[in-house]
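Colleague: What follows is a single structure, and I will ask about it in a moment.
The values are calculated or read from the model by the stated rules, or taken from the named source; none is laboratory data. Since the model is a prediction, treat every value here as computed from it, not as a measurement. Glycine also receives a Cβ, built like all others from the backbone with ideal geometry; neighbour counts cover every protein chain displayed. The protein model used for the area step is the full one, side chains on, heavy atoms only, and it has no ligands, DNA or RNA in it. Shrake-Rupley method; radii C 1.70, N 1.55, O 1.52, S 1.80 Å.
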Amino acid sequence: MNLDAQLRSYDLWKQSMTESIQAYQHWLDKASLTDTETELMLIKNLRLIEKDTITIAFAAEFSRGKTELINALFFSSAGIRLLPSSPGRTTMCPTELFYDPQEAPYLRLLDIETRVSDISIEDYKKDPKHWAHFALDCDSPEKMQDSFLQLLKTKTVPARRAKELGLVSEDIEGDVTIPMWRHALVSFPHPLLEKGLTVLDTPGLNALGSEPELTLSMLPNAQAMIFVLAADTGVTQSDMAMWKQHLQGYRRKHPHSLAVVLNKIDTMNDELMSDKEWAESIHKQTLETARLLNLDEQAIFPLSAKQALIGNIKKNEQMISSSRLTGLENFLSDRILSSQKEILQHKVIDDVVESMRIADNAITSRLQHVVSLTSELNGFYSKSEAATAELLLETRKEQTVYKQNLTHLQTSQHIFYTQIADLLEVVNTRRVSYLIEEGREQMSKSWTSVGIRQGMQTSFKGLHELLKETLSTTQASIKLLDAIYKRFKDEHNLDAEQAERFDVTGYQLRLNKLLRDGLEFSSSSAVALTEQNALTKRFVDTIGSQAMSIFEQAQTDINRWKSMAFASLIREVSEQKKMMDSKLESLRDVSAGKNKLDEKIANNKVLEAELLERLEQLQQMMEKIKVPTMTLGERKCVSEEVI
């Protein structure tokens with residue numbers, strides 16, 4: 001299945017998931033099992049599905065044919081080179097291509113002069129007034145092509161100004177040529193983009209080295225990375241610098257989502273070579289590239305983007321076949337989309353299925369109670385009045401004990417919530433901000449690469465201490481929860497299952513990775529962090545904001561644990577109360593005579609049928625929402641990529 005068809009299939013799968021969750025919401029209402037925590041969880045997961053996007057990032061040095069590859073993969077249906085990719089015409093700034101349904105198609109460009117500001121690109125995106133805006137005429141590919149020529153623009157500035165912008169590090173004299181734009185946003189209704197695809201085009205080693213946000217945030221969050229090399233030159237010195245400084249870190253996080261393209265294989269052929277000799281030459285270069293980058297040969301795709309684009313535009317099957325683009329398309333569709341589907345399952349579907357399983361237990365418990373009560377009611381025909389009165393007395397005693405334990409539950413909840421308040425105080429963003437500012441102060445005293453690394457390590461040491469404190473408090477809360485659940489199981493036979501506990505491990509791993517990435521960037525940036533310049537400030541701000549976001553996520557997850565910790569137990573206790581009340585009502589009805597007893601038994605039979613129908617409906621929803629179960633190895637891989 002090609003990329004287009006696979007994306008359409010993925011979009012249909014997401015639509016199916018949305019419909020299933022909405023059906024489950026309706027089912028919960030009908031079954032009187034809705035609670036605030038479950039409803040919030042379902043709303044959150046519906047939003048995750050709605051906002052889910054797949055980002056494919058492209059990285060390469062200049063003149064590797066990267067933009068031509070993007071045209072061939074995604075935009076050949078336009079019938080022209082939509083993005084400028086002819087020889088000598090290279091995009092000069094990072095470019096994001098996506099679909100924004102809220103506005104008419106556009107090209108937005110952020111002025112290169114904004115690099116002197118402390119404002120992040122992400123924050124600039126929230127305010128369109130800072131961007132140069134160009135409307136795109138989707139009915140005219142030629143006019144769109146003209147608009148995209150803006151991506152090539154450069155300007156000449158004094159070397160001193162280029163240094164202030166963080167674009168050069170050497171002390172040079174005279175004027176230098178720099179990009180006109182810092183970042184580009186392109187929104188238009190291409191079928192693939194409408195299905196949630198985002199393409200990130202990066203313009204070369206200098207851009208990666210001079211834009212911390214791009215290197216430390218945008219690229220690591222991409223679902224796939226395509227590293228483009230020229231087949232005729234193989235891995236050059238600058239290619240290797242880009243690989244070591246910026247792409248190996250991505251490979252560590254996403255070991256199965258990186259592909260290397262050996263582009264321009266058509267340049268390795270000439271009229272004197274046979275097809276066999278050409279194929280052998282390509283294979284030799286593939287093996288050498290795999291050796292130099294320490295990659296499996298299967299992760300390297302020799303192809304000709306030029307032949308693929310021209311072949312698709314001219315409907316020339318021979319050129320399309322010779323281009324070898326199909327192998328890369330298969331990699332993206334089979335590996336990347338399948339992986340993203342598994343990740344979305346890990347984030348969303350597991351939560352919903354777990355909620356469904358708990359609801360199934362609740363309805364099954366109701367059904368068992370109704371069947372048991374009906375059997376008891378049938379037995380009342382032969383019971384004496386004294387025996388019925390004795391049973392009524394026993395049930396009231398059970399109700400008294402239940403109320404006492406309910407009071408104990410409320411007290412335990414209060415203790416747990418107090419511990420959670422202490423836990424939230426540990427990860428309070430005020431404390432986190434203080435530690436980050438402390439490190440920033442240390443960095444500002446030198447603004448050298450060494451000083452920045454020392455400041456980072458000081459901050460991260462303090463942040464890790466917070467996480468250690470968090471671990472200690474979390475363990476105390478878990479012990480309390482275990483004791484509460486055990487008591488209700490032992491004394492009331494309530495075998496409620498606890499919600500997933502808060503686990504500090506994931507945040508420790510993310511913090512370690514952020515520190516490692518930050519140290520690598522500060523050591524290897526193409527523009528050295530050697531003075532108090534805009535680049536250095538943005539780097540520090542990027543690291544600080546990402547550290548803050550880790551702890552903000554921890555706060556969110558702690559609050560979610562707080563809201564879910566007692567959910568299943570409270571639901572079981574509530575169900576038990578309903579059963580007791582129903583049993584007492586039935587025992588009272590016995591004294592009203594045989595007709596009342598017959599009516600109660602008949603009502604229970606109807607209720608029993610309704611509950612069986614609800615269970616069948618729930619089972620059908622569970623079967624529809626589930627995706628094929630992952631193997632243990634796949635689950636481990638997905639968990640690592642989510643972290």
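Colleague: With only Lys, Arg, Asp and Glu charged, each at its Cβ (+1 for the first two, -1 for the last two), find how big the charge dipole of the chain is about the Cα centre; round to the nearest 20 debye.
Modeller: The calculation lands at about 680 debye.
Colleague: Work from the charge dipole of the stretch 53-323 (Cβ charges, +1 for Lys and Arg, -1 for Asp and Glu, about the Cα centre) and give the residue of Tyr124, Ser76, Pro191 farthest towards its positive end.
Modeller: It is Tyr124.
Colleague: So who's got an amide H within less than 5 Å of the one on Trp181, skipping anything under 5 residues away but keeping other chains? H placed 1.01 Å off N, in plane.
Modeller: Counting only residues 5 or more places away or on other chains, the set is Ile112.
Colleague: Let me check the size of the chain from its C-alpha atoms; what are the radius of gyration and Dmax in Å?
Modeller: In order Rg, Dmax, the Cα atoms of the chain give 31.3, 110 Å.
Colleague: Report, please, the projected area of the stretch 53-323 averaged over directions, based on the convex hull of its C-alpha atoms, in nm². All intermediate terms of the calculation are to be shown ahead of the outcome.
Modeller: Working: hull surface 61.8 nm².
Directional mean of the projected Cα hull area for the stretch 53-323 stands at 15.4 nm².
Colleague: If you split all Cα-Cα distances of the stretch 384-591 into 5 Å bins from zero, what percentages do you get per bin, shortest first?
Modeller: 1, 6, 13, 13, 11, 9, 8, 7, 6, 5, 5, 4, 3, 2, 2, 1, 1, 1, 0, 0
Colleague: Output ³J(HN,Hα) for the stretch 412-422: one whole-Hz value per residue in order, computed from phi by the Karplus curve 6.51 cos²θ - 1.76 cosθ + 1.60 with θ = phi - 60°, and x for Gly and Pro.
Modeller: For the stretch 412-422, the Karplus curve yields 5, 4, 4, 5, 4, 5, 5, 5, 5, 4, 5 Hz.
Colleague: Given that compact globular proteins tend to follow 2.2 N^0.38 Å, what is the ratio of the alpha-carbon Rg of the stretch 70-115 to that value?
Modeller: Normalised Rg, Cα atoms only: 1.38.
Colleague: Whenever you get a sec, compute what percent of the accessible area on the chain sits on carbon and sulfur atoms (1.4 Å probe).
Modeller: Summing carbon and sulfur atoms, their accessible area is 50 percent of the total for the chain.
Colleague: At q = 0.15, 0.24, 0.32 Å⁻¹, what base-10 log of I(q)/I(0) does the Debye formula yield for the stretch 306-358 when every alpha carbon is treated as an equal point scatterer in vacuo?
Modeller: The Cα Debye sum returns log10 ratios of -0.57, -0.84, -1.04.
Colleague: About the Cα centre of the stretch 53-323, how large is the charge dipole given +1 on each Lys and Arg Cβ and -1 on each Asp and Glu Cβ? Please answer in debye to the nearest 20. Intermediate results must be reported in sequence, preceding the final value.
Modeller: Values: 28 positive and 36 negative charges, 53 e Å.
Computed about the Cα centre, the dipole is about 260 debye.
Colleague: Let me know the whole percent of all Cα-Cα pairs from the stretch 91-160 that are separated by more than 19 Å.
Modeller: 41 percent
Colleague: On to the next question. Under 23 Å from the Cα of Lys51, which lysines turn up, not counting those fewer than eight places away in the same chain?
Modeller: Lys14, Lys125, Lys126, Lys195, Lys253, Lys341, Lys347, Lys624, Lys626
Colleague: With +1 on each Lys and Arg Cβ and -1 on each Asp and Glu Cβ, and nothing else charged, work out how big the dipole of the stretch 310-467 is about its Cα centre, in Debye to the nearest 20.
Modeller: Working: 18 positive and 19 negative charges, 149 e Å.
The dipole of the stretch 310-467 has a size of about 720 debye.
Colleague: Among Thr418, Ser304, Tyr485, which residue has its Cα furthest toward the positive end of the charge dipole of the chain, with +1 on Lys/Arg Cβ and -1 on Asp/Glu Cβ?
Modeller: Thr418
Colleague: Of the listed peptides 286-294, 539-547, 76-84, what is their order by residue-averaged count of other C-beta atoms within 10 Å, with the highest listed first?
Modeller: Descending mean neighbour count gives 539-547, 76-84, 286-294.
Colleague: Using a 1.4 Å probe on the protein heavy atoms only, what accessible surface does Glu329 show? Give it in Å² to the nearest 10.
Modeller: Glu329 exposes around 40 Å² with every protein chain in place.
Colleague: Would you mind classifying the stretch 297-447 by shape? Square roots of the alpha carbon gyration tensor eigenvalues, ordered a ≥ b ≥ c; an a/c under 1.5 is rounded, otherwise it is prolate if a/b is larger than b/c and oblate if not. List each step's numbers first, then the result.
Modeller: Values: a/c = 7.92, a/b = 1.72, b/c = 4.60.
It is oblate, given that a/c is not under 1.5 and a/b is not larger than b/c.
Colleague: Follow-up. If packing is taken as the average count of other Cβ atoms within 10 Å, what order do 237-246, 483-492 fall into, highest mean first?
Modeller: 237-246, 483-492
Colleague: Considering only DSSP states other than H, G, I, E and B, which GluC sites (Glu not before Pro) in the stretch 166-266 qualify as loop sites with at most 13 other Cβ atoms within 10 Å? Don't jump to the answer; show the numbers that get you there.
Modeller: Values: sites: Glu170, Glu173, Glu194, Glu213; in loops: Glu170, Glu173.
Taking the stretch 166-266 and a limit of 13 other Cβ atoms within 10 Å, the loop GluC sites (Glu not before Pro) found are Glu170, Glu173.
Colleague: Now a separate question. Over its Cα atoms, what ratio of radius of gyration to 2.2 N^0.38 Å does the stretch 146-294 give?
Modeller: Computed over Cα atoms of the stretch 146-294, the ratio equals 1.27.
Colleague: Taking the Cα centre of the chain as the origin and placing charges on Cβ (Lys, Arg +1; Asp, Glu -1), which of Ala162, Leu463, Met319 is farthest toward the positive end of the dipole?
Modeller: Positive-most Cα among the choices belongs to Leu463.
Colleague: At a Förster distance of 41 Å, what's the computed FRET efficiency of His283 paired with Leu509, Cβ-Cβ distance as r, to 0.05?
Modeller: 0.60
Colleague: Where only protein heavy atoms count, and the probe is 1.4 Å, what is the accessible area per residue for the chain in Å²?
Modeller: Averaged over the residues of the chain, the accessible area is 47 Å².
Colleague: Restricting to DSSP loop positions (anything but H, G, I, E, B) with no more than 15 other Cβ atoms inside 10 Å of their own Cβ, which GluC sites (Glu not before Pro) remain in the stretch 52-140?
Modeller: Here the GluC sites (Glu not before Pro) that fit, given the DSSP loop and packing criteria, are Glu103.
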